[in-house]
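Peer 1: A single structure is presented below for examination.
The values are calculated or read from the model by the stated rules, or taken from the named source; none is laboratory data. Just so we're clear, the structure is a prediction, and the values are computed from it rather than from any experiment. A quick note on method: Cβ atoms are made from the backbone with ideal geometry, for glycine too, and the neighbour counts reach across all protein chains shown.
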Amino acid sequence: MENVEFDSSEIEYVSYGGEHHLPLIMNLVDQELSEPYSIFTYRYFVYLWPQLSFLAFHKGKCVGTVVCKMGEHRNTFRGYIAMLVVIKPYRGRGIATELVTRSIKVMMESGCEEVTLEAEVTNKGALALYGRLGFIRSKRLFHYYLNGVDAFRLKLLFPRTELHPSLPLMADKYENHMQSDQGDTPFK
Ligand SMILES: CC(C)(COP(=O)(O)OP(=O)(O)OC[C@H]1O[C@@H](n2cnc3c(N)ncnc32)[C@H](O)[C@@H]1OP(=O)(O)O)[C@@H](O)C(=O)NCCC(=O)NCCS
């Protein structure tokens, strides 16, 4: 598929804004992730944690999304990234990094001590992206997905940034975005 010519400043990032965003999220995730999700799963995430889900738009078209949650887990308050998708013509331009960084920032501000997710062991793109953000592989989960593929559980720990040098980098990156970004974000 052809890549689309665009300037990064043309991408608008918005946090989940209501039911009209739900079909956009479902459409993207259904197209791009192997695991099938029911509407109840989507609603569970976006109704309970709307502030953790973001969509990326280019000229009115939804081109990427991230869906997350957070809560208590074995005495740890932790964030969880459930779904992350950018459509093919828009990949490789930092959109997923921006989406996921926004969610992680809200998780940090909300008191999360760590963030986790699962990714297929074969998903080089996702593993590279999360590796660059400082996530480590904490477990291998055998036949985790319905398609039989194993998963890595990935984990990002806060706030001991001395152990995760990419965290301050992430924060710097975010600061730079905040200075140049025209998007509709809840953090302004
Ligand atoms: C994974 C995905 C979300 C990445 O989206 P993206 O917008 O292209 O990601 P970014 O542009 O922010 O990538 C940032 C970094 O991730 C890594 N990366 C992303 N895609 C990659 C690929 N196909 N191969 C290798 N590295 C990749 C690189 O380290 C990249 O850094 P760079 O810009 O210095 O090269 C996208 O490929 C996608 O939607 N895939 C299908 C759904 C999916 O697998 N979701 C993740 C489930 S865990």
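Peer 1: How many residues are without any contact (Cβ under 8 Å) to a residue 60 or more places away in the chain, surrounded by fewer than 18 Cβ atoms within 10 Å (Cβ to Cβ) and in contact with a strand residue (DSSP E or B) (Cβ under 8 Å, 6 or more places away or on another chain) when one looks only at the stretch 20-40?
Peer 2: Residues in the stretch 20-40 being without any contact (Cβ under 8 Å) to a residue 60 or more places away in the chain, surrounded by fewer than 18 Cβ atoms within 10 Å (Cβ to Cβ) and in contact with a strand residue (DSSP E or B) (Cβ under 8 Å, 6 or more places away or on another chain): 6 in total.
Residue-wise test of (1) under 28 Å from residue 2 (Cα atoms); (2) away from the ligand (no atom under 12 Å from the Cβ); (3) at pLDDT below 95.
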{"residue": "17", "(1), (2), (3)": "no, yes, no"}
{"residue": "53", "(1), (2), (3)": "yes, yes, no"}
{"residue": "60", "(1), (2), (3)": "yes, yes, no"}
{"residue": "101", "(1), (2), (3)": "yes, no, no"}
{"residue": "107", "(1), (2), (3)": "no, yes, no"}
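Peer 1: Those residues that are within 15 Å of the ligand (Cβ to nearest atom) and either within 8 Å of the chain's Cα centre (by Cα) or acidic (Asp, Glu) (or both), I need them from the stretch 66-84; list them, please.
Peer 2: Answer for the stretch 66-84, where residues must be within 15 Å of the ligand (Cβ to nearest atom) and either within 8 Å of the chain's Cα centre (by Cα) or acidic (Asp, Glu) (or both): 66, 67, 68, 81, 82, 83, 84.
Peer 1: Let me ask you something else. Pairs, please: C-beta under 8 Å, at least 6 apart or cross-chain, first residue over 11 Å from residue 13 (Cβ atoms) and in the stretch 86-110, second in a helix (DSSP H, G or I) and away from the ligand (no atom under 13 Å from the Cβ)?
Peer 2: 105/174; 106/51; 106/52; 107/52
Peer 1: Here is a list of conditions, (1) within 17 Å of residue 45 (Cβ to Cβ); (2) part of a strand (DSSP E or B), and residue 112 meets all of them except one; can you say which number that is?
Peer 2: Unmet for residue 112, out of (1) within 17 Å of residue 45 (Cβ to Cβ); (2) part of a strand (DSSP E or B): (2).
Peer 1: Sticking with this one: Does at least one position in the stretch 81-92 carry a residue that is modelled with pLDDT under 95, within 29 Å of residue 4 (Cβ to Cβ) and part of a loop (DSSP other than H, G, I, E, B)?
Peer 2: First, pick out the residues of the stretch 81-92 that are modelled with pLDDT under 95: none.
Looking through the stretch 81-92, none of the residues is modelled with pLDDT under 95, within 29 Å of residue 4 (Cβ to Cβ) and part of a loop (DSSP other than H, G, I, E, B).
Peer 1: Right, next: Kindly list the number of the only condition in (1) loosely packed, with under 13 Cβ neighbours inside 10 Å; (2) part of a helix (DSSP H, G or I) that fails for residue 17.
Peer 2: (2)
Peer 1: Checking residue 50 against (1) surrounded by fewer than 17 Cβ atoms within 10 Å (Cβ to Cβ); (2) in contact with a helix residue (DSSP H, G or I) (Cβ under 8 Å, 6 or more places away or on another chain); (3) closer than 19 Å to residue 104 by Cβ, only one condition comes out false. Which one?
Peer 2: (2)
Peer 1: Name the residues in the stretch 85-99 that are over 24 Å from residue 44 (Cα atoms) and more than 6 Å from the ligand (Cβ to nearest atom), would you?
Peer 2: The first filter runs over the stretch 85-99 and keeps only residues over 24 Å from residue 44 (Cα atoms), leaving 88-95.
Once the filter is applied, which keeps residues that are over 24 Å from residue 44 (Cα atoms) and more than 6 Å from the ligand (Cβ to nearest atom), the stretch 85-99 yields 88, 89, 90.
Peer 1: Continuing with this model, one more query. Going by the structure shown, is residue 102 part of a loop (DSSP other than H, G, I, E, B), of a type outside the set (Val, Ile, Thr) and within 21 Å of residue 61 (Cβ to Cβ)?
Peer 2: Values: part of a loop (DSSP other than H, G, I, E, B): no; of a type outside the set (Val, Ile, Thr): yes; within 21 Å of residue 61 (Cβ to Cβ): yes.
Answer is no for this residue.
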